[in-house]
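Shown next, in structure tokens, is the structure this report addresses.
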Amino acid sequence: MSDSTEYTQTLQLSAQGLPSRPLLALTILWHPDPARIGEQFVGDPGALEVNRYGPLFYRPGQAGLPLGHGTISRDPVRIVRDGDGVVLHLPATRMPVELNGRAAAGQVRFDAAEVARGQILMLGRAVVLCLHWMNCLPKHNPVPGLVGVGAAAIGLRDQIRMVAPTDIPVLLLGETGTGKEIAARAIHALGQRAQTRLVAVNMAALNESLAAAELFGAARGAYTGAQERKGLFAEADGATLFLDEIGNAPPSVQPMLLRVLEGGDYRPLGASQDRKSSARLIAATDQDLDAAAFNQALLRRLEGFAIQLPPLRERREDIGVLIVHLLQAHGAQPVLPVELVVEIACFDWPGNIRQLGHTLRRAALLVEHGGAPQLEQLVRLTPAPSGSAARLMPAPDAVAPAASAPAPASASPEPPRRKPSELTDADVLDAMAANDWNIQAAARALGISRPTMYKLLDGHGEIRWAERIPAEEIERALAACDGDVARCAVVLKTPTESLRREVRRLAADGLTPH
């Protein structure tokens, strides 16, 4: 803990004691100052007001800071706990507010399950927050490679730190891409065998006829052409053996695995005597081994200590720190359009952290070459199958567009990139008018990124955001245009997508024609 005389959030909450119900949390997913990403407010207020000056957001052991950014209004977003849920009261200011990627105003209620899934709040097109629950206090409990600030990440690291110093077999359970191999390497790195090798094998890649020889070795002549070979259990003697995809272990070797787990004894193929291995076993699977045709006695031995790794959609509050970590791990700076960050935070990531990492690398490449990537460019989106946990899933043949791929012969060439300082208000107005008041199309025509276009629109003398136009003026323009929003956007000189959102909001309040 810091020696600062200021009370940190953790100290304050510790003094109060943990309440019986979940704590309300706001985590910074994105901020113009990247150092702020991952800071949190965690507490149990009856009501919380969020604006430029409050509340304070903390890291464990450090003093807190308000959001502070100039685009955030002094008028607060008010968050009130209502029974098991939460009600958001959004201010009637010029500050754009989005909830889960859509413009929002007035009052919005989320039940407890919706808060548990994480709700994404963007303020002033600059700061992105995640509203969620915490069932523990923020804690600094680092584990190599395992990044996250939410309760699920904290709990996962606590379990790894607890079991790592022992020799208990560990079974890592979780969907593909959740980081099971990283967890296995962390257990090894924090254990008593850290100075030895971690021997890893993908059980799904083993040839069934040679699996026993791969694992346990073979004597010379054990089978046609066999030379004496050292198996993986011998290689991992005194070290750690990681059996990935254990659910795909060939049935013929499952009883042999059970035997070596029970007493350390195994016999190489064709050998006349048993040998011993003191390998510490870690296994991983994305299968339900209770329901699979898997040796249940072996399963009971493997799950000496079982750790469930949560899918990314259940730890949405970690998206910001994961973006920073994954980009920096590949030498890229965490510079992404805030709109893309919101899309990333709202997506359910069926491929979890692995899929997120691949997507971020593609996004960073596009940004480096002057592009303004959108999620639909990076992951082809299709409706999820009925009953799927994910709202959106990538199509099987989805591929990212190559940054330098030539355009089809029939496509119009991309305009040259331009500096914003070269563009006049007249250029921006002409581009919007020529592209049906569509922001992305106008930005492409001008040769600038979408975020740059937003900045130019914010400072334009004639173009207005729809949320800043009086409701009565919008109603008159809609009536004059027979309810045609596209024509109305031309009359009002406002982006079409901004006007559509505002018309939907006003219609829901009964203020404009449906």
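Below is a table of values for the structure above.
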{"quantity": "Residue in segment 257-267 that is modelled with pLDDT under 90, in contact with a Ser or Thr (Cβ under 9 Å, 6 or more places away or on another chain) and either on the phi < 0 side of the Ramachandran plot or surrounded by fewer than 18 Cβ atoms within 10 Å (Cβ to Cβ) (or both) present", "calculated": "yes"}
{"quantity": "Members of segment 99-110 found to be surrounded by fewer than 18 Cβ atoms within 10 Å (Cβ to Cβ) and either assigned to a loop (DSSP other than H, G, I, E, B) or touching a residue at least 60 places away in the same chain (Cβ under 8 Å) (or both), listed by number", "calculated": "Asn100, Gly101, Arg102, Gly106"}
{"quantity": "Yes/no for Val149 being over 30 Å from Ala297 (Cα atoms) and touching a Gly at 6+ places or on another chain (Cβ under 7 Å)", "calculated": "yes"}
{"quantity": "Qualifying residue in segment 305-319 (condition: within 18 Å of Leu232 (Cβ to Cβ) and in contact with a helix residue (DSSP H, G or I) (Cβ under 8 Å, 6 or more places away or on another chain))", "calculated": "no"}
{"quantity": "Among (1) in contact (Cβ under 8 Å) with a residue 12 or more places away in the chain; (2) surrounded by fewer than 19 Cβ atoms within 10 Å (Cβ to Cβ) - the single one Ala113 does not satisfy", "calculated": "(1)"}
{"quantity": "Which numbered condition Gly118 misses (of (1) surrounded by 16 or more Cβ atoms within 10 Å (Cβ to Cβ); (2) small (Gly, Ala, Ser); (3) over 21 Å from the mean Cα position of the chain (by Cα))", "calculated": "(3)"}
{"quantity": "Any chance Ala239 is aliphatic (A, V, I, L, M), at pLDDT below 95 and more than 16 Å from Ala211 (Cβ to Cβ)", "calculated": "no"}
{"quantity": "Count of residues meeting criterion [under 19 Å from Leu492 (Cβ atoms) and surrounded by 18 or more Cβ atoms within 10 Å (Cβ to Cβ)] in segment 439-456", "calculated": "5"}
{"quantity": "Which listed residue is over 30 Å from Arg464 (Cβ atoms), modelled with pLDDT of 90 or more and touching a Gly at 6+ places or on another chain (Cβ under 6 Å), from Leu65, Leu48, Leu56, Leu29", "calculated": "Leu56"}
{"quantity": "Conditions (1) of a type in the set (Asp, Glu); (2) under 23 Å from Glu343 (Cα atoms); (3) at pLDDT 80 or above; number of the one not met by Asp397", "calculated": "(3)"}
{"quantity": "Residue among Leu131, Leu156, Leu146, Leu172 that is under 23 Å from Leu327 (Cα atoms), out of contact with any Pro (no Cβ under 9 Å at 6 or more places or on another chain) and crowded, with 18+ Cβ neighbours inside 10 Å", "calculated": "Leu146"}
{"quantity": "Check on Leu478, outside the structural domain of Thr71 (by TED's automatic domain parsing), farther than 23 Å from Glu368 by Cα and of a type outside the set (Ser, Thr, Tyr)", "calculated": "yes"}
{"quantity": "Segment 300-328: number of residues that are more than 16 Å from Ile28 (Cβ to Cβ) and touching a residue at least 12 places away in the same chain (Cβ under 8 Å)", "calculated": "16"}
{"quantity": "Selection within segment 72-88 - surrounded by fewer than 16 Cβ atoms within 10 Å (Cβ to Cβ) and on the phi < 0 side of the Ramachandran plot", "calculated": "Arg74, Asp75, Asp82, Asp84, Gly85, Val87"}
{"quantity": "Leading residue by the ranking (farthest from Glu339 (Cα to Cα)) among those in segment 85-98 that are in a loop (DSSP other than H, G, I, E, B) and touching a residue at least 60 places away in the same chain (Cβ under 8 Å)", "calculated": "Arg94"}
{"quantity": "Those residues of segment 186-204 which are crowded, with 20+ Cβ neighbours inside 10 Å and either part of a helix (DSSP H, G or I) or without any contact (Cβ under 8 Å) to a residue 12 or more places away in the chain (or both), in sequence order", "calculated": "Ala186, Ile187, His188, Met203"}
{"quantity": "Residue that is nearest to Met134 (Cα to Cα), among those in segment 31-77 that are of a type in the set (Asp, Glu) and part of a loop (DSSP other than H, G, I, E, B)", "calculated": "Asp44"}
{"quantity": "Counted residues, segment 337-361 - those being aromatic (Phe, Trp, Tyr) and closer than 18 Å to Ala372 by Cβ", "calculated": "1"}
{"quantity": "Residue in segment 438-471 that is modelled with the lowest pLDDT, counting only those that are among the β-branched types (Val, Ile, Thr) and within 30 Å of the chain's Cα centre (by Cα)", "calculated": "Thr452"}
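The values are calculated or read from the model by the stated rules, or taken from the named source; none is laboratory data. None of these values were measured; they are calculated from a predicted model. Neighbour counts are summed over all protein chains in view; Cβ atoms, including those assigned to glycine, are modelled from backbone coordinates with ideal geometry.
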